[in-house]
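Every number in this text was worked out from the coordinates using simple rules, so none of it is lab data. Because the structure is predicted, anything quoted here is derived from the model rather than measured.
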Amino acid sequence: MSLLKSEEIISDAEIERVHANANFGDMAKRDVVNSGVIKAAFGYGTGSTAYRILRDHRLVKKFDRRGLRLTQLGYRYLRSIVSHATLLQEHGVRGG
């Protein structure tokens, strides 16, 4: 199985649909998802709105005092954002 980009796992249209009118200031909607997935991977919680967004994308499966837990899809998404960032950095490409 080849490594997918995060946009191939959750489309931009799906990001827009799930976020609806949620406002995170200057933070891009996909960055909210990326940040939430990384926090969940390390066992940290997010705010309730970010949690609902992650849950609606099926990236997390529970929210309690121990933090968030990634689903299989959540781990797949995490691998896509971390691996692509690493590959880009290794080749001297900025952004991504």
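Amide H contacts under 5 Å for G45: L68, restricted to partners 5 or more places along the chain or on a different chain, H placed in the peptide plane at 1.01 Å from N.
Using the Karplus relation 6.51 cos²θ - 1.76 cosθ + 1.60 with θ = phi - 60°, the per-residue 3J(HN,Hα) values for the stretch 9-23 come to 7, 10, 5, 4, 5, 5, 4, 4, 4, 6, 5, 6, 9, 4, 10 Hz, with x marking Gly and Pro. Only Cα pairs under 8 Å and 6+ residues apart enter the sum, and on that basis the relative contact order of the stretch 1-75 stands at 24 percent.
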